[in-house]
1. Report yes if some residue within the stretch 61-70 is assigned to a loop (DSSP other than H, G, I, E, B), basic (Lys, Arg), modelled with pLDDT of 90 or more and surrounded by 11 or more Cβ atoms within 10 Å (Cβ to Cβ); otherwise report no.
2. Return the only residue of ALA116, ALA112 being part of a helix (DSSP H, G or I), over 14 Å from the mean Cα position of the chain (by Cα), at pLDDT 90 or above and closer than 19 Å to PHE185 by Cβ.
3. Residue check: is LYS210 at pLDDT 85 or above and touching a helix residue (DSSP H, G or I) at 6+ places or on another chain (Cβ under 7 Å)?
4. Taking the stretch 36-51 as the region of interest, how many residues are touching a helix residue (DSSP H, G or I) at 6+ places or on another chain (Cβ under 8 Å) and either at pLDDT 95 or above or hydrophobic (A, V, I, L, M, F, W, C) (or both)?
Amino acid sequence: MPDRANPDPHPALRATLSRRERETTNCDPFAFWCILGVVDAHSNFQQHVEPDTIARLKRGDLSAFESVYRQFERAAWTLALRLTGRADVAQEVLQDAMLKAFERARQYRGDAPFAAWLRKLVVNESLMQLRHDRLHVIEVFDDTLGDDSAPQPWTSADAATLDRALNRLPDDARAVLWLYHVEGFTHVEIAREFGRSVSFSKSQLARATKRLREILTPKVEETPCTIGSTTTA
């Protein structure tokens, strides 16, 4: 029975979210990574949203909400997956971020593209999951890790290989690397988002870069030397 003391303020909205989730349940999540690629995941948030759609969203129009959801669900889910490292959590982030976009639509002032505003909601929800659900283990690393003069390890990797490598990074390290290199966050901003020091952000970035280089550098197998060896009949 419904909780009459605390009724759901958005039953129709949640029905829409539930339907969209069912429609994407059978999708291969890793196919999104291959389709969007590493750079394309960012460009999908550059899509234009019609002013009329934004205006209707601000009025609480569910059809406008569903239009925005359909337009950005893949990009939002992929970004959440990049930051949290788990498909189930990424789905939760997608739902929560879209719900907040609906609830806070009137707060959007138009001083930046709507897509950038929505992207920020997704980033915030992802980091909230990392902080509050304890998906990650806080580690402290030496700030001197890594060689700044060396080329970035992902410059010669294809998207599929890089996807697999990113998925092998610790949650904090992967999130910091993505925020710094893709989202354009500064170390000060990253530290504030995690409630940590600037040194934490720098060391996590160094750790992620070093680990990616280790994963992506081809292993050279040593060939046994057979010179001078003898054989017996």
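The values are calculated or read from the model by the stated rules, or taken from the named source; none is laboratory data. Not measured: the values here are computed from a predicted model. As a convention, Cβ positions derive from the backbone with ideal geometry for all residues, glycine included, and neighbour counts pool all protein chains shown.
1. Quick first cut of the stretch 61-70, residues assigned to a loop (DSSP other than H, G, I, E, B) only: 61.
With basic (Lys, Arg) added as a condition, the list becomes none.
Taking every residue of the stretch 61-70 in turn, none turns out to be assigned to a loop (DSSP other than H, G, I, E, B), basic (Lys, Arg), modelled with pLDDT of 90 or more and surrounded by 11 or more Cβ atoms within 10 Å (Cβ to Cβ).
2. Details: ALA112 fails: part of a helix (DSSP H, G or I).
After applying the criteria, what remains is ALA116.
3. On the way: at pLDDT 85 or above: yes; touching a helix residue (DSSP H, G or I) at 6+ places or on another chain (Cβ under 7 Å): no.
The answer is no for LYS210.
4. Qualifying residue count, the stretch 36-51: 5.
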